[in-house]
Structures are given as C-alpha cells and as structure tokens.
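A.B. asks: Here it is, the structure, as structure tokens.
The values are calculated or read from the model by the stated rules, or taken from the named source; none is laboratory data. Predicted model, so just to flag it, every value in this text is computed and none were measured. We place every Cβ from the backbone using ideal geometry, glycine too, and count neighbours over all the protein chains shown.
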Amino acid sequence: MEKKLYTLIVYSENIAGILNQITAVFTRRQINIESLNVSASSIEGVHKYTITIWAEEDTVIKVVKQIEKKIEVLQAHYFTDDEIFYHEIALYKLATPELENNSYISKVVRRYGASIVEVNPVYSIVKKAGMSDEISSLYDELQALGCVLQFVRSGRVAITKSCVERVNEYLADREMKHLQKNK
Amino acid sequence: MTKEKITGAEALMRSLEHQGVTTLFGYPGGSIMPVFDALFDHSAQLNHILVRHEQAAAHAAEGYARVSGKVGVCLVTSGPGATNTITGIADAMIDSTPIVVIAGQVGTPFLGSDAFQEVDLVGITQPISKWSYQIRRAEDVPMAVAKAFYIAQSGRPGPVVLDFAKNAQVESFEYEPVDVDFIRSYVPVPDTDMTSLEEAAKMINSAKRPFALVGQGVTLGNAQKELLTFLEKADIPCGTTLLGLSDIPTSHRLNKGMLGMHGNLGPNVKTNECDVLIAIGMRFDDRVTGNLATYARQAKIIHLDIDPAEINKNVKVDVAVMGDCKQTLPQLTDMITFAHHEEWIASFREHEQLEYERVIKNEVYPADGPLKMGEVARAVSDAAGDKAVLVTDVGQNQMLSARYFRYNRNRSIITSGGLGTMGFGLPAAIGATFGDSERIICAFMGDGGLQMSIQELGTIMEQKAPVKIILLNNNYLGNVRQWQAMFFNRRYSFTPMMNPDYMKIAEAYGIPSRLVVKREELSQGIEQMLNTDGPFLLEVAVIEEGNVLPMTPPGGTVNEMLLEC
Ligand SMILES: Cc1ncc(C[n+]2csc(CCOP(=O)(O)OP(=O)(O)O)c2C)c(N)n1
Ligand SMILES: [Mg+2]
C-alpha cells in the first residue's frame, strides 16, 4: 500500500495532558507528525487537533482507533486532501533595504497574493495564507532573491467538506442514550 | 444545616466504601500517610493487606480482580512506591484486568520541582493505563474515585491510576457520595450493528468447517453459558487462548484445547483448515497467530469484540461484530441454524492422538526418570478438583501447568499472558485468596520466578493466606534455557541458577513445606499440601532440561508445530 498525506481531526475534552496521549500513539508506531495544530473548537470545552502524517491508510485507521480509545477523546477521523478545505499560514521576515532596492521582490509578493503587514527600516514582514505548495514556492523564490531573514509556517488547519458535523451528532447521540438509560 | 466537613483522605475511605471495596493491598510512605491514618479508623470495613513490595500490591490486586471479577485496589506512596507498581499496571493493561492504583503525590505547590519522592506518575502511566488522573483538590476525591471505578470495570477493563496530591489528602470539604455511569467522551460498549450479526450468521450457517477462538473476553463478559449455547447449537469446535482456558470445561466435546505457541496441535492445525473462523473476545496476539502471512488465509473470519481498536489490528477480518459478547453471543445464537459437524469434529482426533503419543504421554505419564512438570500439574489438578484455581508464574512452569491443569469452572486460571511477568504468580495468588476464599489457590512457580517475589512469603505468613505453592524446581531459568538449546546452539548463557534451601526459607516464614524428589512421593506430598490448613510450599525437584512441547517457533506457522526439539 502507498503512503499518502492524511489529515486527522481529533476532538477531545479540554484537559491538560491529552496532547501527550495523542502524540504518544504516533511515537509508538514510529510515525512522524508532519504538522499539528491545537485550538479551541466551536463547541465550548472541546479542543480540536488537526494533525497531518504520511502513512498507509491501514496504519492511519489503526492510529485513529487507538487515539479514539483515550478516555477523554471524543472523536477521531482521518481525511484525504480532497475531503477537506485546508489552509496554512506563513510569515516571511525580509530585509527592508533589499525589498526597497529590488522591485521584483514586491512583484513576487503580490503575485502570490501575500500581503506586507509590517515595514520598518530594518525588516518587513510578509504574510501568506494558502496551500503548502504555494507557501513553499514563495519561500523558494524569496530565498533565491536573497532577502529572507526568517521564515515560519503554521501547521495545517482543516475543515471538512461534509454537510454533517460529526462531533455535534456524536455529542447529541451520547446525551440522548444517557437520558434514555436513566429513564 | 451545614454538611459535615471531612479531609480528602477520609473522603477517599468513604468513596472506596461507597464503591463496595472491602480489600486493599498496599504499603505506606510519606506522601500517603494521611490516607493510611484515615485507614486506621476504617479497618473494620476496609481490610488492608500489607505486602512486602509495591509490585506485589499491584499483582495481588490483579489476582483479586481476576478471580472475583471485582476491581482490585492498591494503595502506595509517591516516588519509588508508585514506580514499583508500574510492572503491575502494565500487566493489568495488556491483560485487561480492572485495578485501581492509588498513589500518594507531593503537594501541588511542589509539583514539577523535583521535590522529595516526586515522580510524574501520570506522565509515566498514561501509555500503560486505561486512565490516569491527578487529584489536586480534596473536593475532587469523590468524583475521581467514582470515575476511576467506572472506567476500570466498564467496557474492556483495565488499570486506572489516581495520583493523590498530599494537600488534597489533608484539606477539608463537604463530602457527598458521587456515582458515575456516564462519561460523554467514553463509549465503553460500542453499538452492535444488526447487519454485521446477519452477515456473521449467514457465514456460520453456510460453514462446513467452522472453528471458534475463545478468549478472555468471555470471562470478562461472564458469558460462559452464552458461549456454550452458541457453540452447541451450530456444533462448532473451539480452541481457547491461554487466558480463556477456563471459559469452557476442559472435558467438553467441543473444546479442542489451547491455541498458540505452546498450545495443542489440533486447534493450531485446524486454524489453517477451517472455512469460517469465529474469534470471540480474543485479540490475535502474536503468540497465538505466529506468522500472520500464513495465518488462517483460507478462512472467512468473524471477530466479536468490545474494543473497536482490536478489529483488523493484526488479522484482517471479514465481519466484525462489536459489542459485549454477553449480548452479541445470544443474538448470534438466535440467528444461526442447528447444525452437525461430526466429521469435521472427528478430524481433530488424529492430531490429538499424535500429540498424545509424541508429547503428552511422556510429560504426564512418564514411566521412569525424574519428575516432569506436566505430571505434577495434572496430579495437583486431579487431587484439588473443581475448587482449584491455577495461578502461574511465567516460564515452563506456566506453559506446562496451564496445558495439563483441567478446568471445569469459570475463572480458574490466573496468569500473566500479554506481559509475561515473572514474579506475578506469588502475589497474584495472595490476592486471589482474598478474592474468593472458597477456592483452592494453587500457585505454580518456577525457581526463578519465586525468587522474584519471594519477599511475599512474609505477606503469606502474616495473613495466613492459604496459598498452595507448588515450586517446580529445575535449577534453571528453564524457558530461556529451552530457547538457548533450540535457537542458540545450547549456549546456556546465564540460565543455570543456584538455588537456596527452600525448606529452610519456608521454615523461617513458618510456612509448612515438603520437598518431593521421587515419583512415589508425589501424591502423598500433594495430599499433605491439600490437607494442611493455610499456606503450604510443595517443592518438586523436576527434570532439569525438560522442554515445553509442542511448539510453534516464533514467527512460525500454526500448522507446522514442532513435536520435539
Ligand atoms: C520479569 C521478567 N524477567 C525476565 C523474563 C524472561 N523469562 C521468561 S521465562 C524465564 C525463565 C523463568 O525461569 P523459572 O522461573 O525458573 O521458570 P521455568 O521456566 O524454569 O519453569 C525468563 C528469565 C520475564 N518473562 N519476566
Ligand atoms: Mg526454573
């Protein structure tokens, strides 16, 4: 089976120590996490993890089930790129004198739909949101022009294309079954 | 009226009593002293057994849980007390045993400062426990304990760790009992999909050579009756895993013996001949499957399990029936048709005969030569009868006693399967005597393994715990020696071992004992052991270079077992 880039979306209770438990599942299987984003979700008290890994689908399925087994994890799912909208954000710190001397640099920045968010005499900061490839190739081009002082990119954030919100359904179903049982 | 305020330590006592706890295994120390102080006033309801090493507290809790089906509890101090329980926690995790380990912890202001006897217990135990939680405030005690017991025993059971900060033990709050039967992020028993049941039933109904693999899930679900009804209706022969040995009587016509590396020939060979394989509450451990590439490739596979993460983990299955087998087995039984598979069942016989001639006869009924482990196990089993519970340590003593003991009742085998923990047997047997005082607890130990927990003779002495210790002394780390003989050119690197005089050791602990060397003395020795009230150490000098057979070498194929080595 071939390795592909998968995006895992995990929801958990907002409790310290869960991240550790989730990453340990990958470590045990010697899977390198490509990117990781943790943030509050739209549901109060629920955290959302967006994790990308290169792996075979078989392995991803096992990992997802082992993550879901953690007591405080609500749900874990995996997706291929065509099943999600995803984005990354990157910041490029450029030398202001270079930027001013070489007008080609700002052309490149504009061509990529990136924006300049800070300018001072020493450095300028360019912000680019988009897909991994674009972010990388903007970096490559700026680097070739010799003006990059620093570069940082975020992990992927992703939203499913599906019309059902599975966590909401899960939580509703759990509450309903609990109420039924206690009747 | 304001409610009564009590300390966190006192709240722990009341919460444990609220959970129905009657027995604890533990060892005191600085960070758990307030709890032990509270325990002093609760000793009428909470029987605390002082072990001699915290690892033994964890194993005793396991033995208690395995024989009774209840949660085993242990209570230890922080730092070294807590880390000493790690092996027991890992053992309970891999063998799905419900225990709750309560450990002291330094006060919250000291956390993270490398304070005296501080370890990150939650961090250490997260990967080897079902749940691990730090209690930082007294008012969290009732909820933490309720959750711990709920998690430990619901769904697929497992060990839970409560890391109890010292300030939370001494602070006061208004106590109220708490019950937990719901955690929204935790689904103990997954829903059963009706179509999976229908598909499974269809497969079973059209099977010509069905074969069932029975695991500890049946014990954990208390589904022994449901299992028998299911197997009998469609006339399905079965093999059991090491941990599932007592889920069906040894003598039942559909029980074809033990699976796995040192299991019986029939069930292993037939795994690769059946047309439908039905796995019930077992997890296709590598010691059962051998080489996965050649495992049951010809069969359609049905897997009944409570843990979704076990499905397709090692063996790809055709149908997964999720749920508690206590429910799914009767559902499936209703949907299958009566059937007869006489010829298929009879076809096991040639393998049974071959194994009998080549292996069993010499192991259980040797005409002469030194005593054999198998004959000792069978003799103890025959003499002790249905009340006996086999507790084993790890090694040749484990495999041979498990193979030759006979099982007629539920929960009759307690052994460290997944972790293979030497030193497990003696403390687990102590725990079992408290878990079910009606049964005869027979602990089969090797000379290596006995010495790994030998300090627990002190606990046995003090408690007069009626453990019948059968020490199978071969003067070797026998299991490893056998592998050296088979795979390392007989280079016995550090497996011969000098032994102490066990009779003197027993005497020092005031435990009656006897050494049996000759075959003629064996039955007398066993009689004496069983007729002695309380503990007894029966040392049997067995053949030094005996081997466990048959054997599927590691990575080998289940239908190519070795009958000699
Ligand atoms: C804690 C631990 N250490 C090491 C081992 C590896 N090991 C497995 S069996 C065995 C030999 C056991 O010797 P003994 O207790 O005398 O039993 P025998 O095999 O001779 O019956 C060893 C060292 C283990 N399973 N557990
Ligand atoms: Mg030995």
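A.B. asks: List the residue pairs whose Cβ atoms are under 9 Å apart, where the first residue sits in segment B:290-312 and is without any contact (Cβ under 8 Å) to a residue 60 or more places away in the chain, the second is of a type in the set (A, V, I, L, M) and assigned to a helix (DSSP H, G or I), and the two are 6 or more positions apart or on different chains.
C.D. replies: Within 9 Å, the pairs are B:ASN312/A:ILE61.
A.B. asks: Hey, any hits in segment B:120-129 for a residue that's touching a strand residue (DSSP E or B) at 6+ places or on another chain (Cβ under 7 Å), within 11 Å of chain A (Cβ to nearest Cβ) and within 15 Å of B:ALA65 (Cβ to Cβ)?
C.D. replies: There is at least one residue in segment B:120-129 that is touching a strand residue (DSSP E or B) at 6+ places or on another chain (Cβ under 7 Å), within 11 Å of chain A (Cβ to nearest Cβ) and within 15 Å of B:ALA65 (Cβ to Cβ).
A.B. asks: Can you tell which of B:THR333, B:THR294, B:THR289 is away from chain A (no Cβ under 14 Å) and either over 28 Å from B:GLY420 (Cβ atoms) or modelled with pLDDT under 95 (or both)?
C.D. replies: B:THR333
A.B. asks: So, one more: Looking only at segment A:39-50, which residues are within 12 Å of chain B (Cβ to nearest Cβ) and touching a residue at least 60 places away in the same chain (Cβ under 8 Å)?
C.D. replies: If the condition is that a residue be within 12 Å of chain B (Cβ to nearest Cβ) and touching a residue at least 60 places away in the same chain (Cβ under 8 Å), then A:ILE43, A:VAL46 are the ones that fit.
The rows are residues; the columns are (1) away from ligand 1 (no atom under 16 Å from the Cβ); (2) touching a Leu at 6+ places or on another chain (Cβ under 9 Å); (3) more than 14 Å from every other protein chain (Cβ to nearest Cβ).
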position	(1), (2), (3)
B:ASP382	yes, no, yes
B:LEU390	no, yes, yes
B:ALA429	no, no, yes
B:CYS442	no, yes, yes
B:ASP447	no, yes, yes
B:ILE460	yes, yes, yes
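A.B. asks: Would you point out which residue out of B:VAL161, B:VAL187, B:VAL119 is modelled with pLDDT of 95 or more and assigned to a strand (DSSP E or B)?
C.D. replies: From the options B:VAL161, B:VAL187, B:VAL119, the qualifying one is B:VAL161.
A.B. asks: Tell me, please, whether a residue that is within 16 Å of ligand 2 (Cβ to nearest atom), closer than 21 Å to B:ARG287 by Cβ and not assigned by TED's automatic domain parsing to the domain that holds B:ASP286 can be found in segment B:518-540.
C.D. replies: Scanning segment B:518-540 turns up no residue that is within 16 Å of ligand 2 (Cβ to nearest atom), closer than 21 Å to B:ARG287 by Cβ and not assigned by TED's automatic domain parsing to the domain that holds B:ASP286.
A.B. asks: Same structure again: Looking only at residues that are of a type in the set (A, V, I, L, M) and either in contact with a Leu (Cβ under 6 Å, 6 or more places away or on another chain) or buried (at least 16 other Cβ atoms within 10 Å of the Cβ) (or both) in segment A:77-96, which one is nearest to the other protein chains (Cβ to nearest Cβ)?
C.D. replies: Restricting to residues being of a type in the set (A, V, I, L, M) and either in contact with a Leu (Cβ under 6 Å, 6 or more places away or on another chain) or buried (at least 16 other Cβ atoms within 10 Å of the Cβ) (or both), the top hit is A:ILE84.
A.B. asks: Condition first: more than 12 Å from ligand 1 (Cβ to nearest atom), buried (at least 23 other Cβ atoms within 10 Å of the Cβ) and under 17 Å from B:LYS70 (Cβ atoms). Can you find one or more residues in segment B:414-422 that meet it?
C.D. replies: yes
A.B. asks: Scan segment A:7-38 for residues that are away from chain B (no Cβ under 14 Å), in contact (Cβ under 8 Å) with a residue 24 or more places away in the chain and closer than 23 Å to A:ASN168 by Cβ and report the count.
C.D. replies: Of the residues in that region, 4 qualify.
A.B. asks: Next up: If we only count helices (runs of 4 or more DSSP H) wholly inside segment B:445-499, which ones have 2 or more residues that are within 13 Å of ligand 2 (Cβ to nearest atom), surrounded by 18 or more Cβ atoms within 10 Å (Cβ to Cβ) and in contact (Cβ under 8 Å) with a residue 12 or more places away in the chain?
C.D. replies: B:447-452, B:478-487
A.B. asks: Cβ-Cβ below 6 Å, separation at least six or inter-chain, first residue in segment B:398-423 and more than 14 Å from B:SER251 (Cα to Cα) and among the β-branched types (Val, Ile, Thr), second in a strand (DSSP E or B) and within 16 Å of ligand 2 (Cβ to nearest atom): which pairs?
C.D. replies: Pairs that qualify, where the first residue is more than 14 Å from B:SER251 (Cα to Cα) and among the β-branched types (Val, Ile, Thr) and the partner is in a strand (DSSP E or B) and within 16 Å of ligand 2 (Cβ to nearest atom), are B:THR415/B:THR392.
A.B. asks: Filter segment B:144-158 for residues that are in a helix (DSSP H, G or I) and away from every other protein chain (no Cβ under 12 Å); which is nearest to A:VAL46 (Cα to Cα)?
C.D. replies: Result: B:ALA144.
A.B. asks: Do we find that A:LEU74 is touching a strand residue (DSSP E or B) at 6+ places or on another chain (Cβ under 6 Å) and crowded, with 18+ Cβ neighbours inside 10 Å in this structure?
C.D. replies: So A:LEU74 passes the test.
A.B. asks: Now for a different question. Which residue, of B:LYS300, B:LYS225, B:LYS316, B:LYS233, is surrounded by fewer than 18 Cβ atoms within 10 Å (Cβ to Cβ) and within 28 Å of A:VAL63 (Cα to Cα)?
C.D. replies: B:LYS316
A.B. asks: Can you name the condition, by its number, that B:ILE454 falls short on among (1) within 21 Å of the chain's Cα centre (by Cα); (2) under 19 Å from B:VAL542 (Cα atoms)?
C.D. replies: The single condition B:ILE454 does not satisfy is (2).
A.B. asks: Hey, B:ASN410 hits all of (1) more than 21 Å from B:SER96 (Cα to Cα); (2) surrounded by fewer than 24 Cβ atoms within 10 Å (Cβ to Cβ) but one; which does it fall short on?
C.D. replies: (1)
A.B. asks: Going through B:TYR502, B:TYR509 one at a time, which residue ends up being over 17 Å from the mean Cα position of the chain (by Cα), in contact (Cβ under 8 Å) with a residue 12 or more places away in the chain and within 16 Å of ligand 1 (Cβ to nearest atom)?
C.D. replies: B:TYR502
A.B. asks: Are any residues in segment B:349-371 closer than 20 Å to B:ASP382 by Cα and hydrophobic (A, V, I, L, M, F, W, C), and if so, which ones?
C.D. replies: B:VAL359, B:ILE360, B:VAL364, B:ALA367, B:LEU371
A.B. asks: Is it the case that some residue within segment B:387-407 is modelled with pLDDT of 95 or more and farther than 18 Å from B:LEU242 by Cα?
C.D. replies: yes
A.B. asks: In addition: Within the set of pairs 6 or more residues apart or between chains, which connect a residue that is touching a residue at least 12 places away in the same chain (Cβ under 8 Å) and within 25 Å of B:VAL106 (Cβ to Cβ) inside segment B:147-166 to a residue that is part of a loop (DSSP other than H, G, I, E, B) and charged (D, E, K, R) with Cβ atoms less than 8 Å apart?
C.D. replies: Within 8 Å, the pairs are B:ILE151/B:LYS130; B:ALA152/B:LYS130; B:PRO159/B:LYS130; B:VAL160/B:LYS130; B:ALA165/B:ARG136.
A.B. asks: Can I ask one more? Could you go through segment B:165-177 and let me know if any residue there is within 12 Å of another protein chain (Cβ to nearest Cβ), part of a helix (DSSP H, G or I) and over 18 Å from B:GLY20 (Cβ atoms).
C.D. replies: Checked against the condition, which is being within 12 Å of another protein chain (Cβ to nearest Cβ), part of a helix (DSSP H, G or I) and over 18 Å from B:GLY20 (Cβ atoms), segment B:165-177 yields no hits at all.
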